[in-house]
Amino acid sequence: MDITKPQISGVELHAIVTELQKFNESKIVQVYQSEDTEFFIELYNRTHGKTMLRIIPGKYMYITTQKPKMESPSGFCMFLRKHLINAIIGTFEQVDAQRIIHMTIRSKETSYNMYIEFFSKGNIIVCESKTNTVLQSLTKEEFKARSIKSGEKYIIPPLELNIFTATRRALELVINDSKESSLVKILASSIGLGGLMAEEICVRAGIAKTTEKLTLSQSVKISQTIQSLLKELPKGYLYDNIIAPIELKSKSAKSAKIIPTFNQALDESLSTSSAQREKLKKEAQYQEKIKSVQHILSEQQKKLKEVESLTDEHKKRGDWFYEHYSEVKTLLTKVQQEKEAHGWQAVQKFLSGLKKIKKIDLKDKQISLEAK
């Protein structure tokens, strides 16, 4: 899995489920919601004590030691709390080789099937166990082959090939009938192994990933390699931005950091990344606030300069009028006399002959003087 754009493959989900078996028969203590589609189920197990299961449908799930950042619970989260708190998770299972987890859950009153889908946008579906009828789902969906909404029976999407049980002949038919242009693309898409595991199988089998058609011996080798890979006891292997449940022969062994379990590797990488993303998000919000305050400060400083400039200008004008008060008073008296004796036209003629007059506005009855 590439932690820069994490999305779990069927093989990686197989490793997670293998490690989750020790949490069978765990009690659901609480259900939390951290973001719109991120859920944490707090479990209690007599052997392992309290444990937190982090679930992001469409991406991944794993046991985490990180405490979730609580958000206001959605209606779906409240449904999970109402029906599942104090219930017991009987088993964790992967549905065939699909990216679907099936959890059997029982309470004092009834039993449930919970399905968590990790393909496309993902989903969480809670069903009544006997009929497998959908009681509630995170999102309602309509497909050609199935419908996910309350009252409908939950149908597992069709699977072309189950790599966990496929025979060599079945595998060969899918590979040779695929429209993909190379072996690695066939393994990744048509067989559903994902890009990372597809390349690893090509390397382990010693067959070029660009191969289009397989010989009989190559088909046998690919089948044996897949089955061998699936039988390996999962651990956590970290290669820069890559997390894997097995040692990758396609990567340098020296660059690997080995962690006891795949779940721990996911927790160390993805929970840290999540915390870092939250930190960056907060920093970005602070930067936006700082930017906004700086903009306001800049505008206020600009306005202050304008006010100071106007203050200086008005002070100069005030000082000038104070110094030339008697002259201004004499001028205004003369204007009043001319207006009363001969009208405004005479006033305009009188003022036009004076050097300090800048503008005469008879309409608004205003005279502009040159204050120098």
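Looking only at T18, T104, T333, which one moves most when the chain is put into a Gaussian network model with springs between Cα atoms under 10 Å? Greatest mean-square fluctuation among the candidates belongs to T333.
Each Lys and Arg adds +1 at its Cβ and each Asp and Glu adds -1 at its Cβ; summed about the Cα centre, the chain shows a dipole of about 720 debye. Computed from the C-beta positions of K303 and T91, the FRET efficiency with R₀ = 56 Å rounds to 0.20.
Against the chain, whose longest principal axis is taken from its Cα atoms, helix 75-84 shows a tilt of about 30°. The largest-to-smallest principal axis extents of the Cα set in segment 60-107 are 35, 26, 20 Å.
For K305, a cut-off of 17 angstrom between C-alpha atoms picks up these lysines, skipping any fewer than 8 places away in its own chain: K315, K316.
Classify segment 10-158 as rounded, prolate or oblate from the Cα gyration tensor: take a ≥ b ≥ c as the square roots of its eigenvalues, call it rounded if a/c is under 1.5, otherwise prolate when a/b beats b/c and oblate if not.
rounded
Take every pair of alpha-carbon atoms less than 8 Å apart whose residues are at least six positions apart; their mean separation over the length of the chain yields a relative contact order of 11 percent. Using only the alpha-carbon atoms, how far is helix 195-205 inclined from the longest principal axis of the chain? Give it as 0 to 90 degrees, nearest 10. That helix lies at roughly 40 degrees to the long axis. Mind checking the angle between helix 10-20 and the chain's longest principal axis? C-alpha axes, 0 to 90 degrees, to the nearest 10. The angle comes out near 80 degrees. Between D177, D312, D267, the Gaussian network model of the chain with springs among Cα atoms under 10 angstrom shows the greatest mean-square fluctuation at D312.
Across the chain, Cα-Cα pairs more than 27 Å apart make up 63 percent of the total.
Over 21 Å between Cα atoms: which of K179/K209; K59/K209; K67/K121; K339/K365; K185/K251; K334/K365 fall into that group? Violating the 21 Å Cα-Cα cut-off are K59/K209; K67/K121. Residues considered: Q264, Q218, Q136. Largest GNM mean-square fluctuation over the chain, using C-alpha springs under 10 Å, is found at Q218.
Where a number appears in this text, it was derived from the coordinates with a stated rule and is not lab data. This structure is a prediction, so every number in the text was calculated from the model and none was measured. Note: ideal-geometry Cβ built from the backbone for every residue, glycine included; neighbour counts use all protein chains shown.
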